[in-house]
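Only one structure is covered here, and it is reproduced in the block below.
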Amino acid sequence: EKGGHDYFMLKEIEEQPTAIADTLRGHLVDGRIVLDEQRLTDQDLRDVDKVFVVACGTAYHSGLLAKYAIEHWTRLPVEIEVASEFRYRDPVLDRSTLVVAISQSGETADTLEALRHAKEQKARVLAICNTNGAQIPRESDAVIYTHAGPEIGVAATKTFTAQVAANYLVGLALAQARGTKYPDEVVREFHELEAAPKAVETVLESLGEARALGQLLADSKAVLFLGRHVGYPVALEGALKLKELAYMHAEAFAAGELKHGPIALIEPGLPVIVVMPSPKGRAVLHSKLLSNIQEIKARGARTVVLAEAGDETVKPFADHLFELPPISTLLQPLVATVPLQVIAAEIARARGYDVDKPRNLAKSVTVE
Ligand code: M6R
């Protein structure tokens with residue numbers, strides 16, 4: 001059943017190109033982005049003046065990425081919050097607010113209550129869900145299903161990358177409705193997204209390398225993760241995988257926060273995993289992160305660097321280097337998350353833990 005793999009999670013990690021491709025399939029019809037089930041009119045989408053994303057755990061990390069993409073493409077303000085905080089606050093919402101509720105299971109109690117909280121204030125709700133007919137899509141005005149297939153491993157992997165693809169579809173649907181992008185630009189972005197599974201396949205070819213890295217890090221007491229811009233949610237997701245699977249202290253920081261405290265944690269030998277942006281993207285992001293790596297290296301950190309293949313600048317400062325295929329900035333999380341999933345699973349395995357069923361966790365959190 002595990003398809004010859006040591007654990008389900010590994011099989012599910014390998015299914016990510018298909019999960020992304022299946023999630024995108026059928027969403028471009030006659031040059032227009034379409035959602036799955038829609039009880040929202042084009043006018044409703046045009047009237048949106050603010051987006052609020054609510055989710056928990058890994059789904060929340062995918063939502064952080066939604067913020068970068070939607071704000072970039074639509075110029076709409078986007079807020080993102082964990083559902084358990086959102087539901088007990090008085091967020092400012094009205095009928096022009098679009099609330100995007102992201103949930104693999106579609107049954108997460110906090111996300112469902114956040115959605116109800118939003119509806120009470122007349123906000124429109126769009127669900128991103130992996131489970132047909134689950135409660136969250138049932139109570140929403142529109143749905144985009146992630147077609148990742150059933151996920152057995154408690155740790156979310158393929159549903160995360162599928163959620164990222166679905167979030168980007170929401171961004172493109174809004175850009176289309178609001179006219180912040182020309183129709184041909186929307187189509188171009190969609191095709192770029194469609195090409196992402198190929199890049200994920202390239203990363204999967206280096207799975208052995210990521211597993212070896214996991215073995216090397218298995219004895220560590222703690223691991224820190226650093227990222228900037230879209231690399232920051234990737235870092236958060238890498239740290240969450242490590243906590244839940246390897247029961248290891250793992251923390252992610254926005255790289256720019258280093259000097260505001262976290263750098264004090266750096267001591268000789270401490271592994272720090274850095275998600276490096278492409279040198280062909282925004283130069284400032286790349287150079288800032290490069291100097292962050294130098295700073296932590298100078299303090300003795302054991303640096304594990306995820307960088308675009310051919311990026312020579314990082315080599316002098318990387319104790320371990322994992323090369324990523326070139327891809328546009330917004331899509332980099334789809335490739336950069338994969339080695340982090342594998343590293344976490346492999347550390348857990350090396351420590352003798354059940355990768356598919358980590359202690360104290362349930363696949364679907366239907367109680368608070
Ligand atoms: O089913 P949901 O997407 O609503 O679940 C949300 C979280 O419980 C889930 O992502 C959890 O964080 C995973 N175990 C992370 O791997």
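The values are calculated or read from the model by the stated rules, or taken from the named source; none is laboratory data. Bear in mind that the values here come from a model prediction, so they are computed numbers and not experimental data. Here the Cβ is made from the backbone with ideal geometry for all residues, glycine too, and neighbour counts use every protein chain on show. We work out accessible area using only protein heavy atoms, side chains counted, and drop any ligands, DNA or RNA first. Shrake-Rupley method; radii C 1.70, N 1.55, O 1.52, S 1.80 Å.
In the structure shown, the pairs 119/241; 67/181; 67/259 are assessed against 22 Å; a Cα-Cα span above that value is assigned to 119/241; 67/259.
Our note on the geometry: Cα centres of the range 191-265 and the range 93-164, 25 Å apart. Straight-line cross-link reach from residue 11 at under 16 Å between alpha-carbon atoms covers these aspartates and glutamates, not counting any fewer than eight positions away in the same chain: 1, 151, 201, 205, 346, 354, 356. Modelled spin-label separation between residue 2 and residue 219, with each label point placed 7 Å from Cα along the Cα-to-Cβ direction: 2.5 nm. The spacing between the range 33-51 and the range 316-349, judged by their C-alpha centroids, is 34 Å. Within a straight-line Cα-Cα reach of under 17 Å, residue 198 can be paired with the following aspartates and glutamates, leaving aside sequence neighbours fewer than 8 residues apart in one chain: 12, 14, 15, 22, 189, 308, 323.
With viscosity set to 0.692 mPa s and temperature to 37 °C, compute the Stokes-Einstein D of the chain, Rh being the Kirkwood radius across alpha carbon pairs; µm²/s, no decimals. Walk me through the intermediate numbers first.
Values: Rh = 20.6 Å.
D, rounded to a whole number, is 159 µm²/s.
Only helices reaching 20 angstrom along their own axis (Cα) with mean Kyte-Doolittle hydropathy no lower than -0.5 count here, and for the DSSP H runs of the chain these are 57-74, 158-178, 183-204, 231-246, 283-298, 332-350. Cβ-Cβ distance of residue 49 and residue 116, R₀ of 25 Å, FRET efficiency by 1/(1 + (r/R0)^6): the value works out to about 0.70. Computed FRET efficiency, Cβ-Cβ of residue 192 and residue 42, R0 22 Å: what is it to the nearest 0.05? After rounding to 0.05, the efficiency reads 0.40. Here is how the number arises for the chain: DSSP H runs of 4 or more residues each give -39500 (n - 2.57), the sum is divided by the residue count, and the result at 222 nm is -14000 deg cm²/dmol. For the chain, the solvent-accessible area with a 1.4 angstrom probe is 40 square angstrom per residue. Each listed q (0.16 Å⁻¹) maps to a log10 I(q)/I(0) for the range 1-79, found by the Debye formula over equal Cα scatterers with no solvent: -0.87.
Along the Cα-to-C-beta direction of residue 201, a point sits 7 Å from the Cα; which residues of the range 1-27 have their amide N less than 11 Å from that point? Zone members listed by number: 17-18. Using R0 = 51 Å, the C-beta based FRET efficiency linking residue 366 and residue 299 works out to 0.70. Translational diffusion coefficient of the range 42-168 (Stokes-Einstein, Kirkwood radius from Cα pairs, 10 °C, 1.306 mPa s): 112 µm²/s. Taking all pairs of different Cα atoms in the range 213-326, averaging 1/r and flipping that mean, what Kirkwood radius in angstroms comes out? Over the range 213-326, the inverse of the mean reciprocal pair distance is 13.9 Å. Largest to smallest in accessible area, the residues 36, 44, 90 fall in the order 90, 36, 44 (1.4 Å probe, all protein chains included).
Of the residues 56, 129, ranked by 1.4 Å probe accessible area with the largest first, the sequence reads 56, 129. Remind me, relative contact order of the chain in percent, using alpha carbon pairs under 8 angstrom and six or more residues apart? Computed value for the chain: 19 percent relative contact order.
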